[in-house]
Amino acid sequence: MHTGRRQGPEIWLRGPVTTREPGPPEPAHAHAAARRFSWVGLHGGAGVSTLAAVYGGHDSGRSWPGPGDPPSVLLVARTHAAGLDTAAGAVEIFRRGQAPPGLDLDAIVLVADAPGRLPRPLAQRVRSLESVIDVYRVPWVPSWRLGELGRPPRETEALARLTGAAR
């Protein structure tokens, strides 16, 4: 059956590519300003509430966004082994189409579980995730432990642009 849609490879996460009808061009900022996200924690202590406070968006806690919440999802996990396991499992849920209908997985956000560099085995697991989906890394921010949220760290400039928190 031909539906007028081109199908992506099986690992495609964002769904099939649709062909747009020609029409008047839209301004480049038209979609960026309206985009809102739901932060979804993949395990306890992932940092969803802090990220929502710093970058904006809806704090879904550890639940899927509800009907009135933004359907664009940013999944959040820590960079320890258990967090990376849950991130890989969540990507698989979206890949298999088992996520609630209407949700769009935009990226994985990995929050540092400790200061410093990741051990090699964990860094390899992050690279594996990056091979199938956009991954944004948030470094260890000591002031966040004290409740001093302020501006996003400069190392997260790409995430700040994605969420509209860039100043």
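Just so it is clear, none of the values below were taken in a lab; they were calculated from the coordinates. This structure is a prediction, so every number in the text was calculated from the model and none was measured. FYI the Cβ positions are ideal-geometry reconstructions off the backbone, even for glycines, and counts take in every protein chain you see.
Out of all the residues in the range 66-82, which are under 13 Å from the mean Cα position of the chain (by Cα) and either on the phi > 0 side of the Ramachandran plot or not polar (S, T, N, Q) (or both)? I'd like the intermediate steps shown before the answer.
Keep residues of the range 66-82 that are under 13 Å from the mean Cα position of the chain (by Cα), which gives 70-78.
Across the range 66-82, the qualifying residues are 70, 71, 73, 74, 75, 76, 77, 78.
Looking at residue 115 and the list (1) in contact (Cβ under 8 Å) with a residue 40 or more places away in the chain; (2) part of a loop (DSSP other than H, G, I, E, B), which single condition is not satisfied?
(1)
Being surrounded by 14 or more Cβ atoms within 10 Å (Cβ to Cβ), in contact with a Pro (Cβ under 9 Å, 6 or more places away or on another chain), touching a residue at least 12 places away in the same chain (Cβ under 8 Å) and not small (Gly, Ala, Ser) narrows it down to one residue among 136, 55; which is it?
Testing whether each residue is surrounded by 14 or more Cβ atoms within 10 Å (Cβ to Cβ), in contact with a Pro (Cβ under 9 Å, 6 or more places away or on another chain), touching a residue at least 12 places away in the same chain (Cβ under 8 Å) and not small (Gly, Ala, Ser) leaves just 55.
Looking at residue 112, is it surrounded by fewer than 15 Cβ atoms within 10 Å (Cβ to Cβ), over 13 Å from the mean Cα position of the chain (by Cα) and farther than 18 Å from residue 56 by Cα?
Details: surrounded by fewer than 15 Cβ atoms within 10 Å (Cβ to Cβ): no; over 13 Å from the mean Cα position of the chain (by Cα): yes; farther than 18 Å from residue 56 by Cα: yes.
No; evaluated as a whole, the condition is false for this residue.
Count, please, the residues in the range 32-46 that happen to be in contact with a helix residue (DSSP H, G or I) (Cβ under 8 Å, 6 or more places away or on another chain) and either crowded, with 19+ Cβ neighbours inside 10 Å or without any contact (Cβ under 8 Å) to a residue 24 or more places away in the chain (or both).
6
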